[in-house]
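Working notes for the structure below.
Derivation of every value follows stated rules applied to the coordinates shown; laboratory data play no part. Remember, predicted model here, so these are calculated numbers, not experimental data. Glycine also receives a Cβ, built like all others from the backbone with ideal geometry; neighbour counts cover every protein chain displayed.
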There are 2 protein chains.
Amino acid sequence: MKWSELSDNWCPVARALSVVGDRWTLLILRDCFLGKSKFEEFAESSGMTRHILAERLKRLVEEGVLERRLYSSAPKRYDYVLTPKGEELGPALRTLRDWGKKNMPVRREAKA
Amino acid sequence: MKWSELSDNWCPVARALSVVGDRWTLLILRDCFLGKSKFEEFAESSGMTRHILAERLKRLVEEGVLERRLYSSAPKRYDYVLTPKGEELGPALRTLRDWGKKNMPVRREAKA
DNA sequence: TCCTGTGCGTTTTGTTTTGGAACTTATGGC
DNA sequence: GCCATAAGTTCCAAAACAAAACGCACAGGA
C-alpha cells in the first residue's frame, strides 16, 4: 500500500497519518508552534535537508495545514504559517511531547 | 540528519518521533489498541508489507513499546502486546484520531 | 559596476529504504 | 503424504532520502 492511498482509509488515524505520518512533517509543525515560519529557520532547526523540507512544505500547503504567505515583495519572499486546520494539531503535538518527555530520556549529549 | 540521531535530540517531540515517526508504526499501535496482537492481523489490517511489518515490530520491541510474547509453544508462535510505555501512547493516538476525523474527510470510497 | 551576502528554493549524485511477491520453517489435521 | 496456518525471511526493482552544489533575485557596499 502506498502513502497516498492512506488518505481514503476508513480509519481517521490512517487519514491523519497520510498527512503527518513521517518523521519530518511533525518536526516542521513543532517549529511552527514554536513561532518559526521561514524556510531557513526550519532547515536549521530540524536538521533535515533543504530538498526534503521543500517537498514537505509543499505537501503541507496542499493539504491546507500551512499557508504560504508573501511577506516581502521587493525580493519576493515567502514564509509558512499554520492554518486553523494546522492549529488544531496542537493537542497531538502536546501529547507526543509529553510521551517523549516521560518515556524517551536523552541517552547521550543533545545535538541540534 | 538520520532517523537514529533523532533519539537524542533535545526536543521531546523529536525523541518521540524517533520511535513512532513513520506512517506504519502508528498504524501497528492503533491495531494494538483495537485488540489485535498477531503478525497476520497487523499485516491484513494495515496493508503494509510483511517485510516492513517485521522490521517495525522488531523496533517497537527494542524500544520497549511492545512485548514479544510466546503464546503457543507446540508450533512456536509469538504475538505482540503493549507494554506500559506503549499503553501511554493512547492519548496521542486519540488526538490524532480526533484530528483526522475532523479535518480529513474521506473523499473516495474507503478501502481496507 | 562588480563583489558579496541573504533567502528560498532546485538539481545532481549516490546511498538507503521500501514495495511486492515468493520462499522457509514448524506444526496440525485429513 | 499433502494441504493449511502462522510468523517470519529473502530477493530484486523502484522510490525516497542525504549531502552538497547550483540558481535566482535582489540589497548593500567598494
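Gyration tensor analysis over the Cα atoms of region A:1-82 returns equivalent ellipsoid semi-axes of 25, 13, 11 Å (largest first, whole Å). Mean partner shielding of peptide A:22-29, defined as the number of other chain Cβ atoms within 10 Å of each residue Cβ, is 5.
Shape analysis of the protein assembly as shown based on the Cα gyration tensor places the equivalent ellipsoid semi-axes at 32, 21, 14 Å, largest first. Summing charges over neighbours of residue A:13, with a neighbour being any other residue whose Cβ is under 14 Å away from its Cβ, gives +4 when K and R count +1 and D and E count -1.
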